[in-house]
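Right, one structure below, let's go through it.
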Amino acid sequence: MEDHYGCERTDRANNTGRDAPFDTVAVMTNLLLPFTHGIDVSAITYALAFAQRFHSTLVVLSLISLPETLGTRKPRLEAIQQSKDFLEFVQHKAARQAVPIVRIELYTHHPARSIRALAQEMECAGILLFVHRGAGVLLATGEVKQLLEDHSLPLYIAPLPSNEGGFPRLRWLSGWFNR
């Protein structure tokens, strides 16, 4: 079921095979926004607007992946810096829009497992996931797929539009003025 934001809510915990009525979203208190890489302004803006619309606190989770190989226990410095940048950027935008947030930075070997555990621990009403042309946004595509396999957590999946074509209405409007 899609709302007017174009976000699809999947509630597979009800085991009916159908989407839950969208009215259940109104009782949200916490929404989880997970991040592992690739700061995307449109996804962050969307997440903040979604949280604001439903009077929710946005739990902003930045995961820093630890290497799987033995002997290398330290994360990449670039990953740490990107995590800090993401958390600061979201905090700045949230403050401007008066959206309450909780910032969490977590070092992990298993991002999808950590996302699930934190969503349950923080009693999140759902997890916000973003995709663009079949690829994960803010999370790796594999991490999005792992979360989709778990049927116990509500997911809010938002496909982000392509910016290649610009705004068709503005293009049409500019053509009209050029007559």
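The values are calculated or read from the model by the stated rules, or taken from the named source; none is laboratory data. For clarity, every value in this text was computed on a predicted model and none was experimentally measured. Counting neighbours? That spans all protein chains shown, and the Cβs are built from the backbone with ideal geometry, glycine included.
What the table below lists for this structure:
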| quantity | calculated |
| --- | --- |
| Any pair with Cβ under 6 angstrom, 6 or more apart, that starts in segment 102-122 at a residue that is surrounded by fewer than 17 Cβ atoms within 10 Å (Cβ to Cβ) and at pLDDT below 95 and ends at one that is not in a helix (DSSP H, G or I) and not basic (K, R) | H109/L66 |
| Residue in segment 30-42 that is polar (S, T, N, Q), within 12 Å of L128 (Cα to Cα) and surrounded by 14 or more Cβ atoms within 10 Å (Cβ to Cβ) present | yes |
| Hits in segment 133-154 (condition: modelled with pLDDT under 95 and surrounded by 17 or more Cβ atoms within 10 Å (Cβ to Cβ)) | L153, P154 |
| Residue list for segment 106-128, restricted to those being farther than 12 Å from T36 by Cβ and in a strand (DSSP E or B) | G126, I127, L128 |
| Segment 1-50: number of residues that are farther than 22 Å from D150 by Cβ, of a type in the set (A, V, I, L, M) and modelled with pLDDT of 55 or more | 5 |
| Within segment 86-99, tally of residues that are exposed (fewer than 15 other Cβ atoms within 10 Å of the Cβ) and in contact with a strand residue (DSSP E or B) (Cβ under 7 Å, 6 or more places away or on another chain) | 1 |
